[in-house]
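A.B. asks: Okay, handing you the structure first.
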Amino acid sequence: PLADGTPLHQLVRLAFSQRRKMVRSTVGRVVGMERIEAALTAIGVPLTVRPEELSLDQFLKILGQIIE
């Protein structure tokens, strides 16, 4: 699921694109702040979460919420 160019790969790459930034900040620039905040809230993680704190399963759930 992390093959180059897949939506999951793009999300993970975007989340890690800037060191020590919150997922909300990096992903929100592209998908919209309201959308990423809603996705993070829906999967039960804090809005201040950093990408290194998320599991692959959580990234999959975020992706599911974003592309819904």
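A.B. asks: Within segment 34-60, which residues are of a type in the set (Gly, Ala, Ser) and open to solvent by less than 40 Å² (accessible area, probe 1.4 Å)? Outline the logic, then answer.
C.D. replies: Narrowing segment 34-60 to residues of a type in the set (Gly, Ala, Ser): 38-39, 42, 44, 55.
Correct list: ALA39 only.
A.B. asks: Can you say whether PHE16 is aromatic (Phe, Trp, Tyr) and either open to solvent by 40 Å² or more (accessible area, probe 1.4 Å) or in contact with a Gly (Cβ under 6 Å, 6 or more places away or on another chain) (or both), as far as the supplied structure shows?
C.D. replies: Numbers: aromatic (Phe, Trp, Tyr): yes; either open to solvent by 40 Å² or more (accessible area, probe 1.4 Å) or in contact with a Gly (Cβ under 6 Å, 6 or more places away or on another chain) (or both): yes.
In short, yes.
A.B. asks: Could we say that LEU63 is open to solvent by less than 60 Å² (accessible area, probe 1.4 Å) and not in a helix (DSSP H, G or I) here?
C.D. replies: Working: open to solvent by less than 60 Å² (accessible area, probe 1.4 Å): yes; not in a helix (DSSP H, G or I): no.
Criteria not met by LEU63.
A.B. asks: I'd like the full set of residues that are farther than 17 Å from ILE67 by Cβ, assigned to a loop (DSSP other than H, G, I, E, B) and touching a Leu at 6+ places or on another chain (Cβ under 8 Å), limited to segment 1-57.
C.D. replies: The answer is MET22, VAL45, PRO46, LEU47, VAL49.
A.B. asks: Examine segment 22-33 for a residue that is without any contact (Cβ under 8 Å) to a residue 40 or more places away in the chain, among the hydroxyl-bearing types (Ser, Thr, Tyr) and exposed (fewer than 14 other Cβ atoms within 10 Å of the Cβ), and state whether such a residue exists. Break it down stepwise before answering.
C.D. replies: Restricting attention to segment 22-33, the residues satisfying the condition of being without any contact (Cβ under 8 Å) to a residue 40 or more places away in the chain are 22-33.
After this cut, where a residue has to be among the hydroxyl-bearing types (Ser, Thr, Tyr) as well, the list is 25-26.
If we keep only those that are exposed (fewer than 14 other Cβ atoms within 10 Å of the Cβ) as well, we get none.
No, segment 22-33 has no match at all.
The values are calculated or read from the model by the stated rules, or taken from the named source; none is laboratory data. Note that the coordinates shown come from a computational prediction; the quantities given were computed from them, not determined experimentally. No Cβ is skipped: glycine too gets one built from the backbone with ideal geometry, and neighbour counts run over all protein chains shown. Calculation scope for accessible area: heavy atoms of the full protein, side chains included, ligands and nucleic acids excluded. Shrake-Rupley method; radii C 1.70, N 1.55, O 1.52, S 1.80 Å.
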